[in-house]
Amino acid sequence: MSSSLVPLKARRVGEGVRDVKSVEAKTSYRWCGVAVSNGADSSDGDRFNSCQVIYSQFGLAIHQNHHQARRRFVEWAQNEIAVVPDFHKRILFSDEAHFWLNGYVNKQNCRIWSEANPRVYVETPLHPEKLTVWCALWAGGIIGPYFFKNDEGHNVTVNGDRYRAMITNFFIPELNNHDVQKLWFQQDGATCHTARATIGLLKDTFGDRLISHFGLVNWPPRSCDLTPLDYLLWGYVKSLVYANKPQTLDHLEDNIRRVIADIRPQMMEKVIENWTSRFDYIRASCGSHMPEII
């Protein structure tokens, strides 16, 4: 993949853009061998000859140093697995996602990788009602969901203080039944994740077993195809929670809790095995992104 990829633009409805085109790429999820498809016909994406659509609408600049960081991370993980064969089963992957009440599937883990800007504009609601949800996923199952709310119980988005409160009051107590000394924790490079106070809090629990910016092992940027929550879990959950057309955020929250609770631990084991199967492609391609969802 070229190192000259450019970011695409997404504008909100009402910003005076003429001839706004909403592009909904065909999205396919494979849940432990069971394919789930959503979205418009794949021909919607055929117009973008230079564009490799991985998940959906949004684009980010990809630089050669990102490819190198991805390859270094994969090599590190494979070396760890060579020494401890079940190492990949000890990693707690974590992430947040937004769920809009109106069913607008604007996943924060959606990307377009492109060598040229295909001028994609995406319609989004100006003031959507939404939930911000956090989960951790590993071979042993799922920890969560956790819904970010303020002291009055109103739904809010995540910031550093709220993220640290979640770790202290929810995540760490959930680990009491596990041997934390054998577990690693992964998070992406969001600012609320990598604040000094947050990193210090996580190191108090995991020590050097932290895969994160400012952790012992750096999580490579732009690596949604290496995060099981991004390349599978959130899409799978969103494909189900809107089936009964929830009319309130409480109803949507109940749906999310139900769908995640119904996920069997055996499925998580297969998801983690799938994670390791991505390594060979990424190494052979010098850190390029997966061309499709496996």
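The values are calculated or read from the model by the stated rules, or taken from the named source; none is laboratory data. Keep in mind that what you see is a predicted model, and the values were worked out from it rather than measured. Methodologically, a virtual Cβ is constructed for each residue, glycine included, from the backbone with ideal geometry; neighbour enumeration extends over all protein chains shown. Side chains are part of the model used for accessible areas, which takes the heavy atoms of the whole protein and leaves out ligands, DNA and RNA. Shrake-Rupley method; radii C 1.70, N 1.55, O 1.52, S 1.80 Å.
Largest accessible area first, the residues SER94, SER285 order themselves as SER285, SER94 under a 1.4 Å probe with ligands, DNA and RNA left out.
Pairs over the 22 Å Cα-Cα cut-off, from the set LYS149/LYS182; LYS238/LYS270; LYS89/LYS238: LYS149/LYS182; LYS89/LYS238.
Could you sort ASP179, ASP151, ASP230 by their accessible area in this structure, using a 1.4 Å probe and putting the largest first?
On the way: ASP179 80, ASP151 155, ASP230 15 Å².
Largest accessible area first, the list is ASP151, ASP179, ASP230.
In the complete set of protein chains, residue-level accessible area for GLU269 is approximately 100 Å², probe 1.4 angstrom.
Counting heavy atoms of the protein chains alone, SER239 has an accessible area of about 30 Å² for a 1.4 Å probe. Derived value for the range 143-228: Kirkwood hydrodynamic radius 13.8 Å. Basis is the mean of 1/r over every pair of different alpha-carbon atoms.
In nm², what is the average projected area of the convex hull enclosing the Cα atoms of the range 151-294? Can you show the working numbers first?
Details: hull surface 41.9 nm².
That works out to 10.5 nm².
A 1.4 Å probe over all protein chains sorts CYS135, CYS286 by accessible area into CYS286, CYS135, starting with the largest.
In this simple spin-label model, placing a label point 7 Å from the Cα along the Cα-to-Cβ direction at both VAL83 and LEU175 gives a separation of 2.0 nm. Within the assembled protein chains, the solvent-accessible surface assigned to LYS270 is about 130 Å², based on a 1.4 Å probe.
Distance between the pseudo-spin-label points of ARG258 and ASN150 (7 Å out from Cα toward the beta carbon): 3.0 nm. At an R0 of 45 angstrom, the distance between the Cβ atoms of ASP204 and LYS245 translates into a FRET efficiency of 0.55.
Extension gain, GLU129 to ALA165, is 10.7 nm, computed as 0.36 nm per intervening residue step minus the present C-alpha separation.
Computed from label points 7 Å out along Cα-Cβ, the spacing between GLU75 and ARG278 is 2.0 nm.
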